[in-house]
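Working notes, structure below.
The values are calculated or read from the model by the stated rules, or taken from the named source; none is laboratory data. Values in this document were obtained by computation on a predicted structure and should not be read as measured data. Note: ideal-geometry Cβ built from the backbone for every residue, glycine included; neighbour counts use all protein chains shown.
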Amino acid sequence: MPKGKLKLKTVSMTLRVEPRVKAAAEQAAKRVRRSVTNFIEVLVLEHCESVGINHELHTAQEDSHVEDVKIKK
């Protein structure tokens, strides 16, 4: 098993942006050798950290909610 962070299940997210925003995201991601998806993910997480949003807490709460839903069925 690979070492490092545990890979969590992913979800799909659809966005509509202006073509210039898409092109900028693609260029920026390419410059730092990331996929556009990973680039946006890193930007969001870094922003959350900079403004004091605990993104780890939200993940844990969502996971426990999913478990609650599974148990209720």
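Here are the numbers:
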{"read-out": "Residue selected from segment 30-58 under the condition more than 24 Å from Pro19 (Cα to Cα) and aliphatic (A, V, I, L, M), by the criterion surrounded by the most Cβ atoms within 10 Å (Cβ to Cβ)", "value": "Ile53"}
{"read-out": "Segment 36-68 - residue that is of a type in the set (Ser, Thr, Tyr) and closer than 15 Å to Leu8 by Cβ and, of those, modelled with the highest pLDDT", "value": "Thr37"}
{"read-out": "Members of segment 9-26 found to be surrounded by 11 or more Cβ atoms within 10 Å (Cβ to Cβ) and of a type outside the set (Lys, Arg), listed by number", "value": "Val21, Ala23, Ala24, Ala25, Glu26"}
{"read-out": "Hits in segment 1-22 (condition: at pLDDT 90 or above and closer than 18 Å to Val44 by Cα)", "value": "Ser12, Met13, Thr14, Leu15, Arg16, Val17, Val21, Lys22"}
